[in-house]
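Can you keep this structure in mind? I'll have questions shortly.
Each reported figure results from applying straightforward, stated rules to the coordinates on display, with no laboratory input. All values reported here derive from a predicted model rather than from experimental measurement. Positions of Cβ are generated from backbone atoms using ideal geometry, with glycine treated the same way; all protein chains shown enter the neighbour counts.
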Amino acid sequence: MKIAILGGGSWGTALAVHLARNNNDVKVWEFFEKQAQEMQETRVCKLLPEVKLSENIFISHKMEEVLADSEFILLVVPSDKVESTISTAKEFISEQSIVICSKGFGPDLKFLSDIVAEKVSGSVFCLYGPTHAEEVCKEMFSGIVLAGGKGKDELMKVIAADNLKIDLSDDLIGVQVSAALKNILAVFVGVLDGMGLGDNAKAYIMTRGLEEIKSVGVALGGKAETFYGLAGIGDMIVTSTSAHSRNRSVGVEVGKGRPLQAVIDEMPMVAEGVTTLKEAIGLKKKTGLELPLITGLYEILFDGKDPREILKKI
């Protein structure tokens, strides 16, 4: 099958490597022209330097080259770039299915699936779960959730492998809320780690965090059971505890006393939790819920509040 991937970062590249191993022809669009040329010539992504890109992976900065003749498309850009990317891509898209792998909200807390569906005529799906790029590209065992309507069974056959198990879901809202808000939770856990506040505090925040994420998801129309699956608690665990987690790493540095912006400026990749938090604070008004964890992390990162005082309120 001919597959197009929009986004040549670590996760986009890992998906390309995985899908190429499944004997698909994969084309990757990379926003930065120099990086696209380097990847195509050296067969290496600098974010995943241990993995060699096979010959059935093509990388280009030209979107029309990547999307031409594609049978389905994976969207793997940062969440705040989803709308601009799909707006540019739509002239090269006919009725291919779009699989959203970006995690976060659009402007005014709009679901990414709604943003994409307004731009294209094909079916829209989401692919989310506890799948760090560093492990998937090395064929380490993982599980993920493919959410959407009719057609997901056929897509699953293309994406699944012995080392990548796929759960199917029809809860597009629930998986998107989980994917967005678990990144915020991971930043909070990282702050606690950076301050040395112990495992008990982390367990407390993860437990309270899962319930808060579920309450938001249900209020927005998601299903409660989604938050106890791979896209919910599964992704929360891996993002909050793994050394691979960019969101946790940001929190750790902030917990050590470093300014947030200085930490972000040093990172080669985007920490979606910080981007999402700026939008997610609006969920209090949208849902009518108190959301002490989301509010508390916002106050820690942007108002300089002491995490110890915030913990007492959650």
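Among Ala133, Val28, Ser87, whose Cα sits farthest toward the positive end of the charge dipole of the chain (+1 at Cβ of Lys/Arg, -1 at Cβ of Asp/Glu, about the Cα centre)?
Farthest along the dipole direction, towards plus: Ala133.
So which aspartates and glutamates can Lys27 reach, going by Cα to Cα under 13 Å and dropping same-chain residues fewer than 8 places off?
Within the straight-line cut-off, Lys27 pairs with Glu55, Glu64, Glu65, Asp69, Glu71.
Rank by packing, highest mean first: peptides 80-87, 45-52, with packing defined as the count of other Cβ atoms within 10 Å averaged across residues.
The peptides rank, most packed first, as 80-87, 45-52.
Related question: If the cut-off is 12 Å between C-alpha atoms, which aspartates and glutamates fall inside it for Lys157, apart from same-chain ones fewer than 8 positions away?
Asp167
Here's another thing I want to ask about it. Normalised by the empirical 2.2 N^0.38 Å for globular proteins, what value does the Cα Rg of region 83-230 take?
Normalised Rg, Cα atoms only: 1.13.
What are the semi-axes of the equivalent ellipsoid for the chain, taken as the square roots of 5 times the Cα gyration tensor eigenvalues, largest first, in whole Å?
Each semi-axis is the square root of five times an eigenvalue, giving 32, 21, 18 Å.
So, one more: Place a point 7 Å from the Cα of Lys286 along the Cα-to-Cβ direction; which residues of region 222-247 have their backbone N under 14 Å from it?
Counting only backbone N, you get 222.
Report Rg (one decimal) and Dmax (nearest whole number) for region 275-314, counting Cα atoms only, units Å.
In order Rg, Dmax, the Cα atoms of region 275-314 give 10.0, 28 Å.
Tell me the relative contact order for the chain as a rounded percent, counting alpha carbon contacts under 8 Å between residues six or more apart.
Relative contact order, the chain: 15 percent.
Say the dipole of region 173-311 comes from +1 at the beta carbon of Lys and Arg and -1 at that of Asp and Glu; which of Tyr298, Val263, Ala179 then lies farthest toward its positive end?
Highest projection toward the positive end goes to Ala179.
For region 234-294, compute Rh as the Kirkwood radius over C-alpha pairs and then the Stokes-Einstein diffusion coefficient at 10 °C and 1.306 mPa s; write the answer in µm²/s, rounded to an integer.
Approximately 123 µm²/s, per Stokes-Einstein.
Right, here's the next one. Rounded to two decimals, what ratio of Rg to Rh does region 3-42 give with C-alpha atoms and a Kirkwood Rh?
Across region 3-42, the Cα-based Rg/Rh ratio is 0.95.
Next question, about the same structure. Go through 249-260, 301-312 and give me the packing order, highest mean Cβ count within 10 Å leading.
Put in order of decreasing packing, that is 249-260, 301-312.
Right, next: Report, in listed order, any pair from Lys2/Lys103; Lys165/Lys214; Lys165/Lys256; Lys202/Lys305; Lys81/Lys312 with a Cα-Cα distance greater than 29 Å.
Lys165/Lys256; Lys81/Lys312
I've got another one for you. Could you work out how far apart the two model spin labels at Ala262 and Val158 are, taking each label as a point 7 Å from the Cα in the direction of the beta carbon, and quote it in nm?
Those two pseudo-labels are separated by 4.7 nm.
From the gyration tensor of the Cα coordinates in region 173-311, what semi-axes in whole Å does the equivalent ellipsoid have, largest first, with each one equal to sqrt(5λ)?
Square roots of five times the eigenvalues give 22, 15, 14 Å.
Still on this structure, I have one more. Can you pull the Rg over Rh of region 34-152, Cα-only, Kirkwood?
Checking Rg against Rh, the ratio lands at 0.96.
Then there's this: Can you grab the distance from the C-alpha centre of region 161-175 to the C-alpha centre of region 26-87, Å, no decimals?
Going from one Cα centre to the other spans 23 Å.
How far is helix 33-42 tilted, in degrees, relative to the longest principal axis of the Cα atoms in the chain, given as a value from 0 to 90 rounded to the nearest 10?
Approximately 60 degrees, to the nearest ten.
Still on this model: Got a sec? How would Ser70, Ser240 order by Cβ neighbour count within 10 Å, fewest to most?
With the sparsest Cβ surroundings first, the list reads Ser70, Ser240.
For the chain, what is the calculated [θ] at 222 nm in deg cm²/dmol (nearest 500), taking -39500 (n - 2.57) for each run of four or more DSSP H residues and dividing by its residue count?
Result for the chain: -14000 deg cm²/dmol, rounded to the nearest 500.
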